1. Scan region 185-199 and report the pairs whose first residue is of a type in the set (Phe, Trp, Tyr) and whose second residue is assigned to a helix (DSSP H, G or I), with Cβ atoms within less than 9 Å and a gap of 6+ or a chain change.
2. Looking at (1) assigned to a loop (DSSP other than H, G, I, E, B); (2) in contact with a Cys (Cβ under 6 Å, 6 or more places away or on another chain), can you tell me which one Leu127 breaks?
3. Would you mind listing the helices (runs of 4 or more DSSP H) fully within region 1-58 where at least 1 residues are in contact with a Phe, Trp or Tyr (Cβ under 8 Å, 6 or more places away or on another chain) and more than 22 Å from His99 (Cα to Cα)?
4. Please verify whether region 171-194 includes one or more residues that are part of a strand (DSSP E or B) and either in contact with a helix residue (DSSP H, G or I) (Cβ under 6 Å, 6 or more places away or on another chain) or at pLDDT below 90 (or both).
5. Here are the criteria: (1) hydrophobic (A, V, I, L, M, F, W, C); (2) more than 30 Å from Tyr55 (Cα to Cα); (3) touching a helix residue (DSSP H, G or I) at 6+ places or on another chain (Cβ under 9 Å); (4) not in a helix (DSSP H, G or I). Tell me which single one Phe134 does not satisfy.
6. Test of understanding: among Phe83, Phe91, which residue is surrounded by fewer than 18 Cβ atoms within 10 Å (Cβ to Cβ) and aromatic (Phe, Trp, Tyr)?
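The values are calculated or read from the model by the stated rules, or taken from the named source; none is laboratory data. Remember, it's a predicted structure, so these values are computed and weren't measured experimentally. Every residue, glycine among them, receives a Cβ derived from its backbone with ideal geometry; neighbour counts consider all protein chains shown.
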Amino acid sequence: MKYIKKLPETDRERSAKLCSEGWKRLKEPSGMLSALLWSLSFLLLNAGIYLWMLYDMYLPFRDFLSAAQTDFSFSVSLPDLLFGFAALFLFVLFHEGLHACLIPNVLKSDRVFWGLNGFGAFVYTALPIPRNRFLLITALPFVALSFALPAALNAAGLLHGFTAFLCLVNAMGSCVDCLNFFLVFFQAPRNSTVLMNGMETYYL
């Protein structure tokens with residue numbers, strides 16, 4: 001695994017070579033900005049599903065909503081704010097770590113990369129990956145951190161407001177992952193292999 005400052009750009013020569021070898025490109029957004037715009041619907045959907053689950057299982061959240069309808073105030077100190085940003089950053093790192101842990105040969109491969117950008121942290125691989133494993137890599141942080149984790153914490157009596165908020169942010173931040181999952185799931189055949197080339201995704 002190597003550190004890089006930003007996501008790799010698309011290699012046009014490699015794109016041409018992949019097409020000549022029979023790889024097919026997904027119909028997908030052409031850049032990060034368009035991908036974010038495409039993923040807005042998933043952001044809203046993810047948030048809605050998560051909040052519905054939270055309302056169903058976590059009584060303090062229902063009480064919070066009831067109080068917000070009548071009398072709601074909010075204050076935060078600077079130490080609390082700094083702690084919140086630090087916790088959120090660690091949560092993002094854990095999110096990306098879950099992506100990375102399922103990538104084949106992640107620690108030794110020179111075609112797996114990680115870095116930090118304006119959106120937080122990222123993990124990227126140029127390795128060919130079986131389609132079903134690619135889907136699992138894409139979905140794991142969303143399912144684990146926004147559904148399995150709060151459910152487990154709630155069952156143990158350890159879920160609280162800030163943790164629930166972090167899980168909500170993770171659900172909303174997983175919108176691009178969900179878009180990628182959707183595109184690969186419906187376009188790449190079941191037994192195909194998926195390969196990234198910058199912002200382009202191919203399957204064979």
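1. Here the result reads Phe185/Arg131; Phe185/Leu135, each pair linking region 185-199 to a residue that is assigned to a helix (DSSP H, G or I).
2. (2)
3. Of the helices (runs of 4 or more DSSP H) lying wholly inside region 1-58, those with at least 1 residues that are in contact with a Phe, Trp or Tyr (Cβ under 8 Å, 6 or more places away or on another chain) and more than 22 Å from His99 (Cα to Cα) span 12-20, 40-57.
4. Yes, the conditions are met somewhere in region 171-194.
5. (4)
6. Being surrounded by fewer than 18 Cβ atoms within 10 Å (Cβ to Cβ) and aromatic (Phe, Trp, Tyr) holds for just one of Phe83, Phe91, which is Phe83.
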